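The values are calculated or read from the model by the stated rules, or taken from the named source; none is laboratory data. Keep in mind it's a predicted model, so treat the numbers as computed, not measured. Using ideal geometry, Cβ is built from the backbone for each residue, glycine included, and neighbour counts are taken over all protein chains shown. Remember, those area values only see protein heavy atoms, side chains included, never the ligands or the DNA or RNA. Shrake-Rupley method; radii C 1.70, N 1.55, O 1.52, S 1.80 Å.
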Amino acid sequence: MTLQDQKQESVWTENESPSIKTYTLANFRNLPAIQKMSEEKQFEMEVVGNVLPFKTNNFVVEQLIDWKDIPNDSMFVLTFPQKEMLLPKHYDQMASTLKSGADKKEIQEVANQIRMQLNPHPAGQMELNVPTLKDGTKLYGMQHKYKETCLFFPSQSQTCHAYCSFCFRWPQFVGMDEMKFAMKEGEQLVQYLTEHPEISDVLFTGGDPMIMKAKMFSTYIDTLLDADIPNLKTIRIGTKALSYWPYKFLTDDDAAETLNIFERITNKGLHIAIMAHFNHLVELSTGSIKTAIKRVRETGAQIRTQSPLLAHINDDADMWAEMWKKQVQLGCIPYYMFVVRDTGAQHYFGVPLVKAYEIFTSAYKKISGLGRTVRGPSMSATPGKVLVDGIPTINGKKVISLRFLQGRNPDWVQKPFYAEYDEKAIWLDDLKPAFEDKFFFEDEFKTKFKIIKEN
Ligand SMILES: *Cc1c(COP(=O)(O)O)cnc(C)c1O
Ligand code: SF4
């Protein structure tokens, strides 16, 4: 499917200057396309949207979703809640709460009760990765899991232009407040980077940092640049704005200033890496996205792309091959294919590891070497980023070959290890060692890292 096939009523060009209009539970029923759907279907969305975050916008609705292909259209599934995203028992619990005429507070309580059962903080991100300054201050707005790179969650970027229904960051968006990573000041970031000369990369994440007005964003960036931290080499920005709101880089009031900030980073001699999320080919098809990519690249920024492999959205090798080809053509560097995390609606989006490996390999074979910078399928698990590297037969035994791309202990990286072949396994925890009674990293992981969790 391409955008051309969709016969949109009108196609917005890169020269348009639309203003963003947000749709949430409060107003989605006003959309004409939604009103055409049955009351039952609208209620289903309301039930799920009361548990998982739901927010979309006029660009996604009018330019990316193919309303003639509802309910199957991938961009629809990516942004609108679907009944099957909740387990039947959770769905029924919320549906009967709503039907009983419960008030806001009751709905919220039931929602939180269900959310707590959805593994809201996978990969130990709450307990394990919170860094501390030498003076003892805990930095809840940061994560430092891998030596060279620290994640920074500006308090101003705890939302996105639209929400992806699969997103593992969902607890940040539904007001489970005590679990929100947020940090007000760039100064603590500077302090931490100064105390940790091993860090070369800072990754701004959220939500979506590109939701911030340029003025706010530049406060953070200027604090970093002015500090002249010798070990800081790269500033990364994790964002889906190129896809969900390309006008951020085209005609928004602060578009020019945003691009200027990127340029200032480049001029300072640092690398600016835009870690762009593209989940579906259609997201690369509009004129506005292509021009936005061009503008961003003109600042000296390099765009790298990543996405999880998702059932109902992109579990199709041909589409991945086309996405990677298109990205290379537009001057982007394919970077990661992720395995969808063990949280939220994983039962809906999950693709078994063996199938993920087959899709990755089949797509990888179809592209030139310039696209083969991509790595995957990779699980961001508690011990590290683990790649499914092959399905070899060793001494007559078919196994799954794995390898750390990143490890809590850097020494774990690159060592191959093997799990029993299992077509159903969808996460590292499901796998059993093939030749030993435990994986090589398990003892060290338990003694060194689990202890922290119990403190
Ligand atoms: C993926 C990830 C990074 C960045 O890893 P790279 O392989 O350098 O892209 C950093 N921190 C965390 C917690 C991550 O999951
Ligand atoms: S844009 Fe990124 S952070 Fe926001 S909902 Fe989508 S995946 Fe999550």
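Looking at Val130, Val174, Val77, which one is within 15 Å of ligand 1 (Cβ to nearest atom) and closer than 29 Å to Arg236 by Cα? Spell out the reasoning first.
Numbers: Val174 fails: within 15 Å of ligand 1 (Cβ to nearest atom); Val77 fails: within 15 Å of ligand 1 (Cβ to nearest atom).
The conditions single out Val130.
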Quiz item: Under 7 Å by Cβ, and 6 or more places apart or on different chains, what pairs join a residue from region 228-242 that is on the phi < 0 side of the Ramachandran plot with one that is away from ligand 1 (no atom under 14 Å from the Cβ) and of a type in the set (Ser, Thr, Tyr)?
Solution: Ile229/Thr194
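Here are some residues: Phe76, Phe54, Phe43. Which one is open to solvent by less than 10 Å² (accessible area, probe 1.4 Å) and outside the structural domain of Arg169 (by TED's automatic domain parsing)? Full working, then the answer.
Details: Phe54 fails: open to solvent by less than 10 Å² (accessible area, probe 1.4 Å); Phe43 fails: open to solvent by less than 10 Å² (accessible area, probe 1.4 Å).
Exactly one of Phe76, Phe54, Phe43 is open to solvent by less than 10 Å² (accessible area, probe 1.4 Å) and outside the structural domain of Arg169 (by TED's automatic domain parsing), namely Phe76.
Condition check ((1) away from ligand 1 (no atom under 16 Å from the Cβ); (2) not aliphatic (A, V, I, L, M)) across all residues:
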| residue | (1), (2) |
| --- | --- |
| Val328 | yes, no |
| Tyr336 | no, yes |
| Val340 | no, no |
| Gly344 | yes, yes |
| Phe349 | yes, yes |
| Arg372 | yes, yes |
| Arg375 | no, yes |
| Gly407 | no, yes |
| Ala425 | yes, no |
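For every residue, the table says whether it meets (1) under 25 Å from Thr305 (Cα atoms); (2) out of contact with any Pro (no Cβ under 8 Å at 6 or more places or on another chain).
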position	(1), (2)
Gln346	yes, yes
Gly350	yes, yes
Val354	yes, yes
Lys365	yes, yes
Lys397	no, yes
Gln414	yes, yes
Tyr418	no, no
Ile426	yes, no
Lys446	no, yes
Quiz prompt | Criterion: touching a residue at least 24 places away in the same chain (Cβ under 8 Å), part of a loop (DSSP other than H, G, I, E, B) and open to solvent by 40 Å² or more (accessible area, probe 1.4 Å) - qualifying residue of Asp315, Asp342 | solution = Asp315
Practice problem: Please specify each residue of region 164-192 satisfying the condition of being modelled with pLDDT under 75 and either open to solvent by less than 40 Å² (accessible area, probe 1.4 Å) or within 16 Å of ligand 2 (Cβ to nearest atom) (or both). | Solution: Phe168, Val174, Gly175, Met176, Met179, Lys180, Phe181, Ala182, Met183
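Tell me which residues, restricted to region 273-291, are part of a helix (DSSP H, G or I) and either within 16 Å of ligand 1 (Cβ to nearest atom) or over 20 Å from the mean Cα position of the chain (by Cα) (or both). Talk me through it step by step, then tell me what you get.
Here is the first cut: in region 273-291, the residues part of a helix (DSSP H, G or I) are 281-284, 287-291.
Listed by number, the residues that qualify are Gly287, Ser288, Lys290, Thr291.
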Exercise. Looking only at region 324-334, decide whether some residue is open to solvent by 50 Å² or more (accessible area, probe 1.4 Å) and within 24 Å of Pro120 (Cα to Cα).
Key: no
Quiz item: Would you pick out the residues in region 204-230 that are over 22 Å from Arg169 (Cα atoms) and acidic (Asp, Glu)?
Solution: Asp222, Asp226, Asp228
Practice problem: Please enumerate the residues belonging to region 112-145 that are out of contact with any strand residue (DSSP E or B) (no Cβ under 9 Å at 6 or more places or on another chain), outside any helix (DSSP H, G or I) and either closer than 28 Å to Phe80 by Cα or aliphatic (A, V, I, L, M) (or both). | Solution: Gln117, Leu118, Asn119, Pro120, His121, Leu133
Practice problem: Provide a single number: the residues in region 201-226 that are open to solvent by 30 Å² or more (accessible area, probe 1.4 Å) and away from ligand 2 (no atom under 16 Å from the Cβ). | Solution: 7
Quiz item: Does at least one position in region 79-100 carry a residue that is under 26 Å from Lys290 (Cα atoms), crowded, with 18+ Cβ neighbours inside 10 Å and hydrophobic (A, V, I, L, M, F, W, C)?
Solution: yes
Practice problem: Might you check whether a residue that is among the polar types (S, T, N, Q) and either at pLDDT 95 or above or away from ligand 2 (no atom under 16 Å from the Cβ) (or both) occurs anywhere in region 331-346? | Solution: no
Quiz item: Hey, among the residues in region 260-272 that are in a helix (DSSP H, G or I) and open to solvent by less than 60 Å² (accessible area, probe 1.4 Å), which one's farthest from ligand 1 (Cβ to nearest atom)?
Solution: Ile261
